[in-house]
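Step one of this worksheet: look at the structure below.
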Amino acid sequence: MTFECEFCKKTFANKSTLSTHKKNAKKCLKLQSEVITKNIKFTDELKQLQEDLIKYESIRLRQIEEIKELKQTISKLQEENISLSEKLEENLYTNVNNIKITQVINASPDMTDERIIAISNKCTEELIKSLEKLKSEQ
Ligand SMILES: [Zn+2]
């Protein structure tokens with residue numbers, strides 16, 4: 001059975017020569033100090049990495065909160081937008097209809113009320129149709 005030095009990979013016939021080697025062989029001692037230095041460096045890097053991780057985690061959590069708030073703002077704005085669109089559509093509908101009816105009445109001042117209502121209804125129908133067409137084209 002042979003015993004291998006974990007630093008320089010040299011093999012020895014027994015444990016005590018391996019132990020003497022590790023304590024005295026200059027080349028091996030140099031390798032050992034390099035390994036220790038590497039371990040210290042690695043430990044420092046690991047600590048830094050953990051600190052960075054904690055920092056990034058807090059940034060990430062803050063960003064999640066910001067995204068939540070932005071989503072809420074967006075849905076609020078969407079609701080407002082829908083409500084404003086509906087109001088706008090209503091106003092447009094009323095305005096266009098009034099203009100059309102006024103034009104018809106002005107063109108024929110002797111028109112009966114029934115005829116005005118019939119024309120008004122026809123205008124409303126046409127307006128609804130054109131609004132639906134506009135919506136389907138969006
Ligand atoms: Zn060695």
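A short reminder: the numbers here are calculations on the coordinates, not readings from a lab. All values reported here derive from a predicted model rather than from experimental measurement. Note: ideal-geometry Cβ built from the backbone for every residue, glycine included; neighbour counts use all protein chains shown.
Things worth noting here:
- Most mobile of Ser33, Ser58, Ser16 in a GNM of the chain (Cα contacts under 10 Å): Ser16
- Were the residues from Lys23 through Glu79 laid out at 0.36 nm apart, the gain over their Cα-Cα distance would be 12.3 nm.
- Applying 1/(1 + (r/R0)^6) with R0 = 41 Å to the Cβ-Cβ distance of Glu86 and Asn106 gives a FRET efficiency near 0.85.
- If you run the Gaussian network model on the chain, springs between alpha carbon atoms under 10 Å, then out of Leu31, Leu77, Leu61 the most flexible one is Leu31.
- Cα centroid separation - the stretch 9-36 against the stretch 49-99, whole Å: 68 Å
- GNM result for the chain, Cα springs below 10 Å: residue of Lys23, Lys122, Lys76 fluctuating most strongly: Lys23
- The Rg/Rh ratio for the stretch 3-137 is 1.79, where Rg is the radius of gyration of the alpha carbons and Rh is the Kirkwood radius.
- Here the calculated FRET efficiency for Glu6 and Ile54, from their Cβ-Cβ distance with R0 = 41 Å, stands at 0.75, rounded to the nearest 0.05.
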